[in-house]
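Peer 1: Pasting a structure here, questions to come.
The values are calculated or read from the model by the stated rules, or taken from the named source; none is laboratory data. Worth saying up front: this structure is predicted, and the values here are computed from it rather than measured. Counting neighbours? That spans all protein chains shown, and the Cβs are built from the backbone with ideal geometry, glycine included.
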Amino acid sequence: MSQDVNILSPCGMLGYGFPEESFRRGMEQQVHAVVVDAGSTDGGPHKLGAGVSIVSRRACKKDLEIILGACLPGKVPVIIGSAGGSGARPHVEWTLDIIEEILREKQMSAKIAVIWADFTQEAVLDALGQGKIVPMSPNIPQLTEQTIRETASIVGQMGHEPVLKALEAGSEIIVCGRAYDPSPFAAVGIFYGKDPGLSYHLGKILECGALCAEPATTKDCILGTIGDDYFTVRALNDRRACTPISVAAHTFYEKDHPYLLHGPGFLLDLENCRFTEQGPGIVRVSGSRYIPQDKTFIKLEGARLTAYRTFVIAGIRDPILLGKLEDVENAVIAQTKQYYPEIDEQDYRIRFYNYGMNAVLGEREFEPFRGHEVGVLFEVVAKTQELASSICATARSTFLHYGYEGRKSTAGNLAFPFAPSDIEFGPVYEFSIYHLMECRADGFPIEIRQGGVQDGEAG
């Protein structure tokens, strides 16, 4: 029987924050690695396209100061997945800059492995030419050469293989570009000879921090332990507890199939998993099966610039206007278009979102409107920022003074919470690449560097 492997997940995303007491309690358990996911596509394509992070620099540094300060003195590896949010080069470099700043402030040094996840347009074009790229799902169009050339930011989700190599190299900090979320966690278990099915299933549970506990949150710590034919999970805060139901439920999180989970080069079969209570707040899981596939397909993510946005937020309380709001909005759109006959209507789009009146579900809304006020957000998306702002200003002034039937006051139809009312958002991006590409599992370059204070610099 081999030694159990303990993996500490501080939170669901680096920079979300976590109770330091929970983290300290976890570090008392002879932790083999601290692994934290830092990325997601939940916020849309803007972060990838613009090269900006999901969380603030301050928040990321605050979390890393606690993690690095506790792990490096004890030689506990720290692994960061999908660094900076989207895991492209700007996001990885942003994270590395924070790490370097912390190391120097604390007069520490560390062996850092950087695993890059960027793919060039040429590499993707070559794969396309060889027939090695397919859409993620039927609703995604086939990838074209034009789309690839219009997409400046392209990343691929790495599996555990490059992370495993970085661990084998004795890296103290591993900063991954875009990674399949469970992979950095799974790499730790596989590094210590544990079953890859259990390792990946545990990674699936740990990637969101304490979201697998009750009450659920991404802002707290969770400890995973891999044995020879099982793993356990437990919360590290007395306010939370893992239960067989909460852990099993999180197994279904973000999946399109109840028990099959596709990853880069493998299929995870969870049909015969068992979730049992091992002790108070501790859940034991067994039966996870790792099935290698003949070919390795990684998920490609790419974002391209498509337009520019200007938007307005306003409030409406007039019951007469609320009774005919959509008709008035359609009239505002029509009048704005009439005012600019010289502008091709294909160059811009006007949209209204009536919060409090079907803004979320739209035509699928099943609750009748009962409110006395509505928040209106309307946007113009156009080819240029100047065009978006010009058309938005016209739509706003038209809406503000539109003379609808029954209106009793001519002072204005909209209440603006902000001045100026028109807010220039800037560039708008879309996911232009959301496809699977066949490639080598180890096709992610690893760079080893020495970070922090070097010999002769201390003091």
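Peer 1: Just need a number here: residues in the stretch 115-136 that are touching a Lys or Arg at 6+ places or on another chain (Cβ under 7 Å) and part of a strand (DSSP E or B).
Peer 2: Counting residues in the stretch 115-136 that are touching a Lys or Arg at 6+ places or on another chain (Cβ under 7 Å) and part of a strand (DSSP E or B) gives 1.
Peer 1: Have a look at Gly323, Gly315 and point out the one that is assigned by TED's automatic domain parsing to the domain that holds Ala419, free of Cβ contacts under 8 Å to residues at least 12 places away in the same chain and surrounded by fewer than 18 Cβ atoms within 10 Å (Cβ to Cβ).
Peer 2: Answer to the check: Gly323.
Peer 1: I'm told Ala110 meets every condition in (1) more than 20 Å from the chain's Cα centre (by Cα); (2) within 30 Å of Ala307 (Cβ to Cβ); (3) outside any helix (DSSP H, G or I); (4) at pLDDT 95 or above except one. Can you identify the failing condition by its number?
Peer 2: Looking at each condition in turn, Ala110 falls short on (2).
Peer 1: For the stretch 214-235, name all the residues that are over 24 Å from the mean Cα position of the chain (by Cα) and in contact (Cβ under 8 Å) with a residue 60 or more places away in the chain.
Peer 2: Result: Thr225, Ile226, Gly227, Asp228.
Peer 1: Then there is this: Among Ser246, Ser288, which is the only one that is touching a His at 6+ places or on another chain (Cβ under 7 Å) and more than 30 Å from Pro141 (Cα to Cα)?
Peer 2: None of the others qualify; the one that does is Ser288.
Peer 1: Would you mind stating whether Asp181 is in the same structural domain as Pro445 (by TED's automatic domain parsing) and either modelled with pLDDT of 95 or more or of a type in the set (Gly, Ala, Ser) (or both)? Let's see the steps before the verdict.
Peer 2: Details: in the same structural domain as Pro445 (by TED's automatic domain parsing): yes; either modelled with pLDDT of 95 or more or of a type in the set (Gly, Ala, Ser) (or both): yes.
In short, yes.
Peer 1: Could you list all residues from the stretch 377-396 that are loosely packed, with under 15 Cβ neighbours inside 10 Å and over 30 Å from the mean Cα position of the chain (by Cα)?
Peer 2: Glu386
Peer 1: State the number of residues belonging to the stretch 16-50 that are at positive phi and in contact with a Lys or Arg (Cβ under 8 Å, 6 or more places away or on another chain).
Peer 2: Residues meeting the conditions: 1.
Peer 1: Tell me which of these Ala334 doesn't satisfy, since it passes every other one: (1) touching a residue at least 12 places away in the same chain (Cβ under 8 Å); (2) over 27 Å from the mean Cα position of the chain (by Cα); (3) not in a strand (DSSP E or B).
Peer 2: Tallying (1) touching a residue at least 12 places away in the same chain (Cβ under 8 Å); (2) over 27 Å from the mean Cα position of the chain (by Cα); (3) not in a strand (DSSP E or B), Ala334 fails exactly one: (1).
Peer 1: Shifting gears a bit: Test of understanding: among Arg289, Arg304, which residue is over 30 Å from Ala241 (Cβ atoms) and surrounded by 13 or more Cβ atoms within 10 Å (Cβ to Cβ)?
Peer 2: None of the other options fit; the residue is Arg304.
Peer 1: I've got another one for you. May I ask you to list the residues in the stretch 410-440 that are part of a loop (DSSP other than H, G, I, E, B), surrounded by fewer than 16 Cβ atoms within 10 Å (Cβ to Cβ) and touching a residue at least 60 places away in the same chain (Cβ under 8 Å)?
Peer 2: Phe416, Pro417, Phe418, Arg440
Peer 1: Would you say Ser86 is part of a loop (DSSP other than H, G, I, E, B) and out of contact with any strand residue (DSSP E or B) (no Cβ under 7 Å at 6 or more places or on another chain)?
Peer 2: no
Peer 1: Another question about this same structure. Within the stretch 167-184, is even one residue aromatic (Phe, Trp, Tyr), in contact (Cβ under 8 Å) with a residue 24 or more places away in the chain and more than 17 Å from Glu438 (Cα to Cα)?
Peer 2: Checked the stretch 167-184: no residue is aromatic (Phe, Trp, Tyr), in contact (Cβ under 8 Å) with a residue 24 or more places away in the chain and more than 17 Å from Glu438 (Cα to Cα).
Peer 1: Within the stretch 40-51, is even one residue within 18 Å of Leu206 (Cβ to Cβ) and in contact (Cβ under 8 Å) with a residue 24 or more places away in the chain?
Peer 2: Looking for residues that are within 18 Å of Leu206 (Cβ to Cβ) and in contact (Cβ under 8 Å) with a residue 24 or more places away in the chain, one finds at least one in the stretch 40-51, hence yes.
Peer 1: Give the stretch 68-82 a look and list any residue that's within 14 Å of Glu105 (Cβ to Cβ) and crowded, with 20+ Cβ neighbours inside 10 Å, or say none.
Peer 2: Selection gives Leu68, Leu72.
Peer 1: Mind checking which residues of the stretch 88-117 are crowded, with 19+ Cβ neighbours inside 10 Å and farther than 15 Å from Arg57 by Cα?
Peer 2: Ala88, Leu103, Ala110, Ile112, Ala113, Val114, Ile115, Trp116, Ala117
Peer 1: On to the next question. I need the helices (runs of 4 or more DSSP H) fully contained in the stretch 10-82, keeping only those with at least 2 residues that are in the same structural domain as Ala213 (by TED's automatic domain parsing) and closer than 20 Å to Asp97 by Cα.
Peer 2: Values: elements: 20-27, 46-50, 57-71.
Correct list: 46-50, 57-71.
Peer 1: Given the criterion out of contact with any His (no Cβ under 9 Å at 6 or more places or on another chain), surrounded by fewer than 15 Cβ atoms within 10 Å (Cβ to Cβ) and more than 20 Å from Gly315 (Cα to Cα), identify the matching residue among Arg364, Arg349, Arg370, Arg407.
Peer 2: The unique qualifying residue is Arg364.
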